[in-house]
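Structure first, commentary second.
The values are calculated or read from the model by the stated rules, or taken from the named source; none is laboratory data. Just so it is clear, the structure is predicted and the values come from calculations on it, not from any experiment. In this analysis, Cβ positions are derived from the backbone assuming ideal geometry, glycine residues included, and neighbour counts consider all displayed protein chains.
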Amino acid sequence: MIISPLATVAAAIACGLFARGFLKLRRRRRDYAGWNRALLFGCAVVAGLVALSAPLDELAEESLAAHMLQHVLLMDVSPALGLVAIRGPLLFFVVPELVLRAVSRSRRARRVLAALTRPLAAFGVWAATLGVWHLPVVYEAALANEPLHVLEHVSFLAAGTLAWIQVVDPARRRVLGTVGRLGFLLAMFVAGQMLATTLVLSQTPLYDSYAGPGGGLLGLSALEDQDAAGLVMMLEQMLVLGVAAFVLVRRHLDESSAAASALEPPPHPFVA
């Protein structure tokens, strides 16, 4: 795997911040900084590096399916794993103190952050980012312009982070309950399936860059490659969003069972 310099720098900064916060918290409370958190964060970084590096980054220039895999890794897989890794107290050790202080002292920064992390706003940003970048004219412009392509990838990571904050709730704001989080996942699924269905049902190639003569990746025609891109989106959402929904339901049932057990009266000493 050939890793791009920009992705390498970003990954190094992310790993450095995580390692600093992880070790600092682990010295105080190991139960809040288990090695499973480090493993999850490592997987998040690897997912991002795979998306932004060769061979996938090079294949994305030849195949819409490869490009779609790149996008879902950046929008869903990497943000979800990263936020699960740093949820709870670890979040406030990973984020630099300078940033935390700057946000706490700036009323405008707090307002902007609060506005962006509201569920409707976060979903709107995620859905708009997904939809706008896949409009043929915008998609083609990003392929032809490297700075715009980088902006596309950064926006995918940012929008994905905003959306998955609602599901993972790393700061434990509890804005959404279990039902609200499941509804948020359902909304993400519907928006993603609209794009995937459009790709699969289209009878003509939507993107000129992949519509040229000759076989594409694995010998697929442009239309077959477009169908494959839609299937990549469908399968990724079923897997990632499905796992997230399962975890939420399982956690809710466990918490409900624990709460019910705590409310049960102690057995009477004269009752066998």
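So in the stretch 1-53, with the set limited to residues that are among the aromatic types (Phe, Trp, Tyr) and more than 16 Å from the chain's Cα centre (by Cα), which one is surrounded by the fewest Cβ atoms within 10 Å (Cβ to Cβ)? Only one residue tops the list, namely TRP35. Restricting the stretch 134-152 to residues that are exposed (fewer than 14 other Cβ atoms within 10 Å of the Cβ) and not in a helix (DSSP H, G or I), the residue that is nearest to the chain's Cα centre (by Cα) is LEU135.
Determine whether the stretch 70-84 contains at least one residue that is under 18 Å from TRP164 (Cβ atoms) and either modelled with pLDDT under 95 or part of a loop (DSSP other than H, G, I, E, B) (or both). No, the stretch 70-84 contains no residue that is under 18 Å from TRP164 (Cβ atoms) and either modelled with pLDDT under 95 or part of a loop (DSSP other than H, G, I, E, B) (or both). I'm trying to understand the selection: among the residues of the stretch 184-199, which are surrounded by 15 or more Cβ atoms within 10 Å (Cβ to Cβ) and either within 19 Å of GLY124 (Cβ to Cβ) or more than 23 Å from the chain's Cα centre (by Cα) (or both)? Hits for the stretch 184-199 are PHE184, LEU185, ALA187, MET188, PHE189, ALA191, GLY192, GLN193, LEU195.
With respect to the stated conditions, VAL240 is β-branched (Val, Ile, Thr), closer than 18 Å to ALA80 by Cα and in contact with a helix residue (DSSP H, G or I) (Cβ under 6 Å, 6 or more places away or on another chain). Looking across the stretch 57-78 at every residue that is of a type in the set (A, V, I, L, M, F, W, C) and over 18 Å from the mean Cα position of the chain (by Cα), the one that is surrounded by the fewest Cβ atoms within 10 Å (Cβ to Cβ) is identified as LEU59.
Cβ-Cβ distances below 9 Å connect the following pairs, each with a first residue in the stretch 153-175 that is farther than 11 Å from LEU91 by Cβ and part of a helix (DSSP H, G or I), a second residue that is modelled with pLDDT of 95 or more and of a type in the set (Asp, Glu), and a separation of six or more residues or different chains: GLY160/ASP76; ALA163/ASP76; TRP164/ASP76.
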